[in-house]
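Novice: Below: one structure in structure tokens.
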Number of protein chains: 4
Amino acid sequence: MSFNTFGKFFRFTTWGESHGPAIGCIIDGCPPNIQIKAEDIQKELNKRKPGQSKFVTQRKERDLVHIMSGVFEGKTTGTPISLIIYNEDQKSRDYETIKYKFRPGHADYTYFMKYGIRDFRGGGRQSARETAARVAAGAVARKVLENKIGKKYKVVGAVTQIGILGSNPNNWDEKFIGKNSFFCPDKRILKLWEKYLLAIRKSGSSCGAVIEVRAKGVPVGLGAPIYSKLDMDIASAMMSINAVKGVNIGSGMNSAKLTGEENSDEIFKRGKKTIFKTNNSGGILGGISTGQDIVVSFAVKPTSSILKERKTIDKKGKNTSISVKGRHDPCVGIRAVPIGEAMMHCVLLDHYLMNKAQCGN
Amino acid sequence: MSFNTFGKFFRFTTWGESHGPAIGCIIDGCPPNIQIKAEDIQKELNKRKPGQSKFVTQRKERDLVHIMSGVFEGKTTGTPISLIIYNEDQKSRDYETIKYKFRPGHADYTYFMKYGIRDFRGGGRQSARETAARVAAGAVARKVLENKIGKKYKVVGAVTQIGILGSNPNNWDEKFIGKNSFFCPDKRILKLWEKYLLAIRKSGSSCGAVIEVRAKGVPVGLGAPIYSKLDMDIASAMMSINAVKGVNIGSGMNSAKLTGEENSDEIFKRGKKTIFKTNNSGGILGGISTGQDIVVSFAVKPTSSILKERKTIDKKGKNTSISVKGRHDPCVGIRAVPIGEAMMHCVLLDHYLMNKAQCGN
Amino acid sequence: MSFNTFGKFFRFTTWGESHGPAIGCIIDGCPPNIQIKAEDIQKELNKRKPGQSKFVTQRKERDLVHIMSGVFEGKTTGTPISLIIYNEDQKSRDYETIKYKFRPGHADYTYFMKYGIRDFRGGGRQSARETAARVAAGAVARKVLENKIGKKYKVVGAVTQIGILGSNPNNWDEKFIGKNSFFCPDKRILKLWEKYLLAIRKSGSSCGAVIEVRAKGVPVGLGAPIYSKLDMDIASAMMSINAVKGVNIGSGMNSAKLTGEENSDEIFKRGKKTIFKTNNSGGILGGISTGQDIVVSFAVKPTSSILKERKTIDKKGKNTSISVKGRHDPCVGIRAVPIGEAMMHCVLLDHYLMNKAQCGN
Amino acid sequence: MSFNTFGKFFRFTTWGESHGPAIGCIIDGCPPNIQIKAEDIQKELNKRKPGQSKFVTQRKERDLVHIMSGVFEGKTTGTPISLIIYNEDQKSRDYETIKYKFRPGHADYTYFMKYGIRDFRGGGRQSARETAARVAAGAVARKVLENKIGKKYKVVGAVTQIGILGSNPNNWDEKFIGKNSFFCPDKRILKLWEKYLLAIRKSGSSCGAVIEVRAKGVPVGLGAPIYSKLDMDIASAMMSINAVKGVNIGSGMNSAKLTGEENSDEIFKRGKKTIFKTNNSGGILGGISTGQDIVVSFAVKPTSSILKERKTIDKKGKNTSISVKGRHDPCVGIRAVPIGEAMMHCVLLDHYLMNKAQCGN
């Protein structure tokens, strides 16, 4: 049972609401003697932080992380690592609108129906603010994997589609990703995306996105069939991110359209290395990593908080309508990139440790 | 930790290899006093059984289920339910080919690299034969939910795409699904699919498919954010099915292309009922069921066992090639329908019970 | 897997080291709409707090608890409850002694051997300071059970033996327990215990104790055989408390000496009530509560930090000796009473919720 | 959540009722490439088997184990190991007595109250017959640990007390244990025990026992504080055995009577070896193994099925009485020895694998 815990061996538990005093997470199962500094975590948090460009929310949160336990003299001790981020931008906003009305596309209605109570301030627990806590956990997982596997281990995320505008996979330029506010890997599409998104925002609307995350240097053998398959856990991890509605591994949904000979990746030996001609499998066969890049993509639905007026009901069950003002991302998908990377680190470390225990590899 | 166990509260653990003496599963956490007969389970198994049409493998397995424990005088007792299906069609086949060579698209290579040993007979544990055990578990979950929720609860699966040929959602005819060997909901596409698949098979190739599973009558409030969200568990469940590479909830990957006002489902009250104008959310918001139909679709990659010759390597690391003969499904996706339904039953019951405990609803 | 998490459904995860900035816990799986105030938790923490009599350590910690999440407008919301207690008495003590030497009877040696690193300040994670976090969790569990079961539900702990001096079970006076610094239920033994313990302390030594915890008003039917038996979880809970070495349920170890007719509790019906003539079972049969009082007792070994010089080794493996100065409890068992009560609340709530889910009772 | 599953990483799930067609278990998380034969398991089962001396029940069960999966060509494959034992001695006995009456000391009443239904034939799931399944699991764990640690790893169980008659620890003769029907380690007490138990049986009564289990060659560092402490899991494991009411680690309950200097085990270095002067800790400090012998003892209550008439109630709530005839052990504790050994193997392997994953030792 794990309502607010993710992972099986390397486990993190997040807590906190959007407008409570703080959010945080506890990491359990982290190996000892790994060097970790607050800055290692802060670096990843800064990628997710709001207010960094005109394409994301203008809310201001420094998202400063504090290591409260589990690290001694700069090294993990094997005991739980508690990370806290105090909430700073809790300005007394007018919540009256969402206090009594359920925003369409949000979880207002379902939280209220499930729990019979709901912290309505900024969405409370359902807010994407929670994802800061897991980005912090992912930063720790990354440090452990870099220590165990070495520098060949690397996870790279990017936005590959904004609304109806896809990028060209052949133009994938890894270095470019970090140099633009869209995590866009394709230089040629960037300008178009900017124009498109500004237009969307001006119209008081929003749009969806597709994010791709690739993990390199992952050893063969991670993943525990039948019910801890690596792709199960990656799919689950990505689906846990707010607003994600679809997940593909490798060729994903597109694999339905392929024939057997188009889809199955041929295998070769080159020297001592095993080479696959293609990577339709996304680096996973039978739920176990092949040694190729792990490739996952997922769709983030358009931001549900929009200016355009929408029909809805209030707490008393009366029909009404709502228009959500405030500082919202026109495309929440953009900020999902570091979150997807963090979840990938966590899933891979989880399986790395489990495989160590079971198979000793 | 749950390598071969699925679920958190209602849990099933499967065991067995394709050509061992039997396969089976243990169900734990099943409520007591639910009427269940072997026939209830057999009925679901028969839907998955091979050899039922020329479009699936001609292997013969009666897949007779035996209830070994947990049911007394026709009712569950609350203790573990052990189900066994003895393997019958273990004819001494020529496994020499796959004994030393890794079949591309299969998990031969990854199992061997992970475990350093592999039961090569018919794929061993990696065989889709394992799915019979979970179809059995799903039949039990179904009985429990029908008992608890009543007859309005219903799960329907169908094939919505074969290779490049999609069905028309507007032609969805639920009654037609059970009357054709494709679980096809669209009368008008059926003939085309038959021709297409026969051509694929004749050419020694195979194709993929998309399956959709809908659950009706699911109460609002199931799903436990943040890390036991209903869509996480459904995505994980479907991804656990052999050959599945992509999962969509509601609008899924397509939601990336929508605007906020196209995507978010408006809410209305009609009498005492809450009505949603659309169901892009697939019945899930914030990881919690909305009371609408739960809608999931997933892609099954083309069968990897094909006659066409493919490059691969052998156990000693030498380059070679392989052509897989034998009784294989030209489109394994078809038989994934009852498996997807079974996984849906199991996930929903799991969350039904968890919600009972936490929220008392 | 649950290194620092206790419980299956109602779960708490503790974190923090003796001399880090804070300790705390996250509670997950708590039902919504339960009234809970910081004072409810503080009240229990105050029972465990050091410095309250001359018989316990004179360390000063106010142990003020802060509710960081999961409670909104005075009620639980069903989301994780984060509780923090900042450490106050971190005075710069001389840790040089224990930095390089392993204290006999403590976990210094085993932590170092396991993790290869150790936060030596005040014992770090191995310190009994961690128990404050679970006392806080227990206070929340208590509130939930009082809400669900009503006021007949009550847990009472007491010290029944100090060193070689047992109390008389026939003199058990529940009201007296809260009125003395020993949690002693037997008025007549108290003076003797005081003299005995003062003598022990003066001699630079320490002594052990036996604690008994009784839970009243527990409904019949809690406990999930075979491997979540109520007595398994209670034994595990009590054994998790620092320095506990033995656990008895009901007649416990003494039951070995009884005959079948002395031991098995005869059953009667009195009106609608089921009555047991005796309670050798401690309220548990087959791992399930009988409806009688749940009775558990456990032994706490003598404080290992003593003035008397003891042989030991240092980190380099050289033979040496140690005498531990400082503010230590001469009998740590006394402060184990509120901890045992807290663990009992947590185990019972865990099973209460699980039973709700499985059996609906 | 793990109603019928024991363990965290090396997990076994048992199923089956006393008079159903079979009992069995599924082992998950077993490392691959371990040699295991049915005979390895049978050997341990034979130690537990009924009908082997006049001091145990005369029921006849061959308890033949069948390996149904997870072993290929004599070696584990890393996939689930399914073990089945068919029930043979299901003779049509007169269950009318226990069908309507609740046997005092048994779980008849609690199972019925919890589940609202109960398989009354021979106790159904509550029968100690279930323990055969875990003895089988323990045999597999033993093989793995012998493979990983080597022959210095050894677990020895013995009966140290029968009713009021304790054995002398100074007379502990390990070789003698296997040569008598009592698993008695003390040659000098054996005759007395025989006379005592025959007298008990003749009188239609029964008696309890104390069992001690020692594990040798256990590496330092096993056990995961705070809530997967080695002693927590051992206590829980032993408490899961039918009729166990108390568990001691090392000095156990007796440690309450000791002073700090009597109790804490002094540490020495002899060459490269760490030596402890005494072993009051039972080989565990802070929940982590010290490298000394792990020593646990537990009390088994007297058999509740006795000829002497006892007061009880029936299903309708009427007062009545019962005298249980049939083939019952006068002291069930004796057959608990191989069960205790099996549970010890399972707990140790579980922690061995977890420690591998977390700390790499």
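The values are calculated or read from the model by the stated rules, or taken from the named source; none is laboratory data. Since the structure is predicted, the reported quantities are computational estimates derived from the model, not experimental observations. Ideal geometry is used to build each Cβ from the backbone, glycine not excepted, and the neighbour counts take in all protein chains shown. Ligands, DNA and RNA are stripped out before the accessible areas are found, and what is left, the full protein with its side chains, is counted by its heavy atoms. Shrake-Rupley method; radii C 1.70, N 1.55, O 1.52, S 1.80 Å.
Novice: If you filter region D:306-349 for trypsin sites (Lys or Arg not before Pro), then keep DSSP loop positions with at most 13 other Cβ within 10 Å, what is left? List each step's numbers first, then the result.
Specialist: Details: sites: D:LYS308, D:ARG310, D:LYS311, D:LYS315, D:LYS316, D:LYS318, D:LYS325, D:ARG327, D:ARG335; in loops: D:LYS308, D:LYS315, D:LYS316, D:LYS318, D:LYS325, D:ARG327.
For trypsin sites (Lys or Arg not before Pro) across region D:306-349 that sit outside H, G, I, E and B with at most 13 neighbouring Cβ atoms in 10 Å, the list reads D:LYS316, D:LYS318, D:LYS325.
Novice: If the viscosity is 1.002 mPa s and the temperature 20 °C, what translational diffusion coefficient in µm²/s does Stokes-Einstein give for region D:1-83 when Rh comes from Kirkwood over Cα pairs?
Specialist: 151 µm²/s
Novice: Okay, moving on. Tally Lys and Arg at +1 and Asp and Glu at -1 over the other residues with C-beta under 11 Å from the C-beta of A:GLU73: what net charge comes out?
Specialist: +2
Novice: Can I ask one more? Can you pull out the trypsin sites (Lys or Arg not before Pro) in region C:8-112 that DSSP calls coil and that have at most 13 other Cβ atoms within 10 Å?
Specialist: Of the trypsin sites (Lys or Arg not before Pro), the ones in loops of region C:8-112 whose Cβ has at most 13 other Cβ atoms within 10 Å are C:LYS37, C:LYS54, C:LYS60, C:LYS91.
Novice: Follow-up question, since we're still on this one. Within the set C:LYS245/D:LYS114; C:LYS8/D:LYS148; C:LYS8/D:LYS245; C:LYS318/D:LYS175; C:LYS195/C:LYS216, which residue pairs have Cα atoms separated by over 26 Å? Walk me through the numbers on the way to the answer.
Specialist: Working: C:LYS245/D:LYS114 32 Å; C:LYS8/D:LYS148 31 Å; C:LYS8/D:LYS245 22 Å; C:LYS318/D:LYS175 37 Å; C:LYS195/C:LYS216 33 Å.
Going by Cα-Cα distance, C:LYS245/D:LYS114; C:LYS8/D:LYS148; C:LYS318/D:LYS175; C:LYS195/C:LYS216 fall outside the 26 Å limit.
Novice: How far apart, in nanometres, would the label points at D:LYS148 and C:LEU64 be if each is projected 7 angstrom from Cα along the Cα-to-Cβ direction?
Specialist: So the two model labels end up 4.7 nm from each other.
Novice: So, counting K/R as plus one and D/E as minus one, what does the shell of residues with Cβ under 13 Å around A:ASN168 add up to?
Specialist: Details: positive: A:LYS187, A:ARG188; negative: A:ASP173, A:ASP186, A:GLU212.
Net charge around A:ASN168: -1.
Novice: Tell me the angle of helix D:187-202 to the major Cα principal axis of chain D, expressed in degrees between 0 and 90 and rounded to the nearest ten.
Specialist: So the inclination is approximately 20 degrees.
Novice: Run through all the Cα pairs of region C:218-361 and give the fraction in each 10 Å bin from 0, expressed as whole percent.
Specialist: Percent of pairs per bin, in order: 10, 30, 28, 16, 11, 4, 1, 0.
Novice: How many Å² of accessible area per residue for region C:310-361, probe 1.4 Å?
Specialist: 30 Å²
Novice: So, with a 1.4 angstrom probe, what is the percent of accessible area on the protein assembly as shown that is carbon and sulfur?
Specialist: 50 percent
Novice: Additional query: Cα-Cα pairs above 14 Å in region B:205-287: how many percent? Let's see the in-between values first.
Specialist: Details: 2410 of 3403 pairs.
Roughly 71 percent, once rounded to a whole number.
Novice: Rounding to the nearest 20 debye, state how big the charge dipole of region A:54-195 is about its Cα centre with +1 on each Lys and Arg Cβ and -1 on each Asp and Glu Cβ.
Specialist: Computed about the Cα centre, the dipole is about 240 debye.
Novice: Select from B:ILE84, B:LEU45, B:GLY29 the residue farthest towards the positive end of the dipole of region B:4-106; place +1 on Cβ of Lys and Arg, -1 on Cβ of Asp and Glu, and compute about the Cα centre.
Specialist: Projecting each Cα onto the dipole axis, the largest value belongs to B:LEU45.
Novice: Then there's this: Just how much of D:ILE322 is accessible, in Å², when a 1.4 Å probe is used and the result is rounded to the nearest 10?
Specialist: For D:ILE322, solvent-accessible area is about 0 Å².
Novice: List the distances, in nm and shortest first, from the label point of D:LYS277 to the matching label points in every other copy, placing each point 7 Å from Cα along the Cα-to-Cβ direction.
Specialist: Sorted ascending, the copy-to-copy spacings read 5.0, 7.4, 8.3 nm.
Novice: May I pose another question? For chain B, restrict the atom set to alpha-carbon positions and state the Rg and Dmax in Å.
Specialist: For chain B, the Cα radius of gyration and maximum Cα-Cα distance read 20.9, 71 Å.
Novice: When Lys and Arg each count +1 and Asp and Glu each count -1, what net charge do the other residues less than 15 Å away from B:GLY286, Cβ to Cβ, add up to?
Specialist: +1
Novice: Further question: Check the axis relating chain B to chain C and name the residue of B whose C-beta is nearest, distance in whole Å.
Specialist: Axis relating chain B to chain C; nearest Cβ residue and distance: B:ALA357, 2.
Novice: Now for a separate question. Based on the alpha-carbon gyration tensor of region A:45-136, what equivalent-ellipsoid semi-axes (square roots of 5 times the eigenvalues) come out, in whole Å, largest first?
Specialist: In descending order the semi-axes read 30, 18, 11 Å.
Novice: Distances from A:LYS202 to the same residue in each other copy, label points 7 Å out along Cα→Cβ, in nm, shortest first?
Specialist: Nearest to farthest, the other copies are at 5.7, 9.0, 10.6 nm.
Novice: Can you list, shortest first and in nm, the gaps between the label point of C:ASP40 and those of its counterparts in the other copies, using a point 7 Å from Cα in the C-beta direction?
Specialist: With the label placed 7 Å along Cα→Cβ, C:ASP40 yields 3.9, 4.0, 5.2 nm.
Novice: Separate question: Mind listing, in residue-number order, the residues in region A:214-232 that have at least 40 Å² less accessible area with every protein chain present than in their own chain alone (1.4 Å probe)?
Specialist: Flagged in region A:214-232: A:VAL220, A:PRO225, A:ILE226, A:TYR227, A:LYS229, A:MET232.
Novice: Hey, another quick one. Normalised by the residues of chain A, what does the relative contact order come to in percent, with Cα pairs under 8 Å and at least six apart?
Specialist: Across chain A, relative contact order equals 22 percent.
Novice: Estimate for me the total accessible surface buried between chains D and C (protein heavy atoms, probe 1.4 Å, no ligands or nucleic acids), in Å² to the nearest 100.
Specialist: By this definition, chains D and C bury close to 8600 Å².
Novice: List the residues of region A:293-316 whose accessible area drops by at least 30 Å² when all protein chains are present, compared with their chain alone, using a 1.4 Å probe and counting only protein heavy atoms.
Specialist: A:ALA299, A:LYS301, A:PRO302, A:ARG310, A:LYS311, A:ILE313
Novice: Between B:THR77, B:THR110, B:THR160, which gets the highest mean-square fluctuation from a Gaussian network model of chain B, Cα cutoff 10 Å?
Specialist: B:THR110
Novice: What does the helix-only formula give at 222 nm for chain D: each DSSP H stretch with n ≥ 4 adding -39500 (n - 2.57), the total divided by the residues, and the result rounded to the nearest 500 deg cm²/dmol?
Specialist: Values: 9 runs with 101 residues, N = 361.
Computed mean residue ellipticity for chain D: -8500 deg cm²/dmol.
Novice: Right, here's the next one. Would you please classify the overall shape of region C:128-212 from the alpha carbon gyration tensor, given that a ≥ b ≥ c denote the square roots of the eigenvalues, rounded means a/c under 1.5, and beyond that prolate means a/b larger than b/c while oblate covers the rest?
Specialist: Oblate, because a/c is 1.5 or more while a/b does not exceed b/c.
Novice: Further, regarding this structure: Note down the nm distance, to one decimal, between modelled labels 7 Å out along Cα→Cβ at C:LYS216 and at D:THR278.
Specialist: 3.9 nm
Novice: Starting from the eigenvalues of the Cα gyration tensor, five times each then square-rooted, give me the equivalent ellipsoid semi-axes of the protein assembly as shown, largest first, whole Å.
Specialist: Equivalent-ellipsoid dimensions as semi-axes: 50, 38, 31 Å.
Novice: Could you give the size of the charge dipole of the protein assembly as shown about its Cα centre, using +1 on the Cβ of each K and R and -1 on the Cβ of each D and E, expressed in debye and rounded to the nearest 20?
Specialist: Taking the Cα centre of the protein assembly as shown as origin, the dipole is about 0 debye.
Novice: A further question follows. Order the following by accessible area, largest value first: B:ASP350, B:ASP293. Probe radius 1.4 Å; ligands, DNA and RNA are ignored. Spell out each step's value before the answer.
Specialist: On the way: B:ASP350 5, B:ASP293 50 Å².
So, going from the largest accessible area down, we get B:ASP293, B:ASP350.
Novice: While we're here: Between C:SER53 and A:THR320, what is the spin-label point distance in nm, taking each point 7 Å from the Cα along the Cα→C-beta axis?
Specialist: Calculated label separation equals 5.7 nm.
Novice: Treating only the Cβ of Lys, Arg, Asp and Glu as charged (+1, +1, -1, -1), what charge dipole size does chain B show about its Cα centre? Round to the nearest 20 debye.
Specialist: Details: 58 positive and 33 negative charges, 173 e Å.
Taking the Cα centre of chain B as origin, the dipole is about 820 debye.
Novice: Which residue, C:SER181, C:SER167, C:GLY150, has the largest displacement toward the positive end of the dipole of region C:136-187 when charges sit on each Cβ (Lys, Arg +1; Asp, Glu -1)?
Specialist: Of the options given, the answer is C:GLY150.
Novice: Given a 1.4 angstrom probe, what's the average accessible area per residue across region B:150-264, in square angstrom?
Specialist: Per residue, region B:150-264 has an accessible area of 35 Å².
Novice: Going from most exposed to least, what order do A:LYS195, A:LYS269 have by accessible area with a 1.4 Å probe?
Specialist: Output order, biggest surface exposure first: A:LYS195, A:LYS269.
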